[in-house]
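Encoded as structure tokens, the structure appears first; notes follow it.
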Ligand code: PMP
């Protein structure tokens, strides 16, 4: 594969953009090497500026659940842009979006649109603090909730990749209000609530962790957190920026049957446009300005073009059987990865939850942060590059979940597994 044009662009970018990228994980720091620059994307494929094609399992980190450049989404956007790009005044599509989200996710009795997952989570936490009159929030090691100050404490995703425990620039007075506990540890949560339950405004969790590889909740774990929060008067926030509309149409809360007080969304509901949302119980959401005193705003929130893209996307994923088909694809893929690894003598286990999956270079089943970080990241990095060389793009870090879309058909999965059989041999050779 040639990479001259990408290399030249990266050199120019590094001179002017911190690390050469506008979001850290894109820089390939964890896996080594340099990122490719994308010229266009279509279906399950990315095409780089040097003319290379990749089967894409990143999907713009989630939104592309129906594949890139879907004609239905594109048509909706094209129609919307014919009527102007932003109004700064309410538009009909915002109402349809609110109706759609509240119908698909019934715990969201009201919803507010924002422009990113980060905005959604930091707004939800402000609401939780404002509504409870408490200051402390509880999160889980390895979960990532965007780059709001309160969340940059023992976070996942790029924070984990770069090994930054708490970001410089977060005031100690604020980070002290974030307590981090271990995901899937029932006793630790109980003990914390026994100790300081009355101080906790909210517990925020990725119900399926997608920012420390892919970690499903243990049986009953989310329900346990629900009980603790209810008992101690804390709010339960599900950060469904990744899982929402993906692990089931109604998100992780539908899949696991646990109802949070507040939910945050991003990615999918913009169909690729910059969008996020938070929603929840009516009595809580009515405290948000201008209905109530807790302030949160956004010039571009509810943008008509973004709403059009998101509504088109949400329309497509409501097709009967859509999520079952994605899950079947993820299963064939992960079963195939496991078999190919076995044949090459490489220890590998996988997790899949709906359209999300994770590869663990270990011989154990992993469902904890400690387990995820104990895996062989060197083996992952070799695998990543061997796959990239063969035209398959996995997330460039051992700590990110992978995504399949409805554009990944049986032939693409087989092409991926064929590449994987070679790539595992490369890993085995060290
Ligand atoms: N929450 C979760 C679970 C996420 O995965 C992410 C981003 N990957 C965010 C929040 C932040 O979203 P954004 O990057 O859109 O700000």
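Does the range 352-396 come out rounded, prolate or oblate by the C-alpha gyration tensor, with a ≥ b ≥ c the root eigenvalues, rounded set by a/c under 1.5 and, if not, prolate when a/b is larger than b/c and oblate if not?
On the way: a/c = 2.73, a/b = 1.42, b/c = 1.93.
Oblate is the answer for the range 352-396, as a/c is 1.5 or above yet b/c matches or exceeds a/b.
Suppose the chain between residue 319 and residue 299 were pulled fully straight at 0.36 nm per residue; how much longer would it get relative to their current alpha carbon spacing?
3.9 nm
What percent antiparallel are the DSSP beta bridges of the range 71-317, to the nearest 5?
Among the beta bridges of the range 71-317, antiparallel pairing accounts for roughly 40 percent.
How far apart, in nm, are the 7 Å Cα→Cβ label points at residue 331 and residue 415?
The two pseudo-label positions are separated by 2.5 nm.
What nm value, rounded to one decimal, do you get for the distance between residue 422 and residue 89 when each label is placed 7 Å out toward the C-beta?
5.8 nm
Place a label point 7 angstrom from the Cα of residue 186 along the Cα-to-Cβ direction, then list the residues of the range 208-231 whose backbone nitrogen is under 20 Å away.
Residues 208-209, 215-231 qualify, since their backbone N sits under 20 Å from the label point.
Taking neighbour counts of Cβ atoms within 10 Å as a proxy for exposure, in what order, fewest first, do 138, 21 appear?
Details: 138 26, 21 17.
Ordered from fewest to most neighbouring Cβ atoms within 10 Å, 138, 21 come out as 21, 138.
In nm, to one decimal, how far is the modelled label at residue 2 from the one at residue 370, with both set 7 Å along Cα→Cβ?
5.2 nm
Between 248, 93, 328, find the one with the highest GNM mean-square fluctuation for the chain; connect C-alpha pairs within less than 10 Å.
The residue that fluctuates most here is 328.
Once you have the alpha carbon radius of gyration of the chain, what is it after dividing by 2.2 N^0.38 Å, with N set to its residue count?
Relative to the rule-of-thumb radius for its length, the chain sits at 0.95.
Pick from 82, 358, 20: which residue has the top mean-square fluctuation in a GNM of the chain where Cα pairs under 10 Å get a spring?
So, out of 82, 358, 20, the one fluctuating most is 82.
If R0 is 45 Å, what FRET efficiency do you get for residue 283 and residue 37 from their C-beta distance, rounded to 0.05? Walk me through the intermediate numbers first.
Details: r = 48 Å, r/R0 = 1.06.
FRET efficiency, residue 283 to residue 37: 0.40.
DSSP beta bridges in the range 131-226, what fraction antiparallel, as a percent rounded to 5?
Beta bridges within the range 131-226, antiparallel portion: roughly 20 percent.
So in the chain, what percent of DSSP beta bridges are antiparallel if you round to the nearest 5?
Percent antiparallel among DSSP bridges in the chain is about 60.
Please identify, among 394, 16, 262, the residue showing maximal mean-square fluctuation in a Gaussian network model of the chain using a 10 angstrom Cα cutoff.
16
I need 209, 366 ordered by Cβ neighbour count within 10 Å, fewest first.
366, 209
So how much slack lies between residue 167 and residue 194, counting 0.36 nm per residue of separation and subtracting their Cα-Cα distance, in nm?
Separation in residues times 0.36 nm, less the Cα-Cα distance, equals 6.8 nm.
For a footprinting-style exposure proxy, rank 238, 37 by other Cβ within 10 Å, fewest first.
37, 238
Coordinate-derived values only; no laboratory data. The structure presented is a predicted model; accordingly, all values stated were derived computationally and were not measured. Note that we place each Cβ from the backbone using ideal geometry, even for glycine, and neighbour counts take in every protein chain shown.
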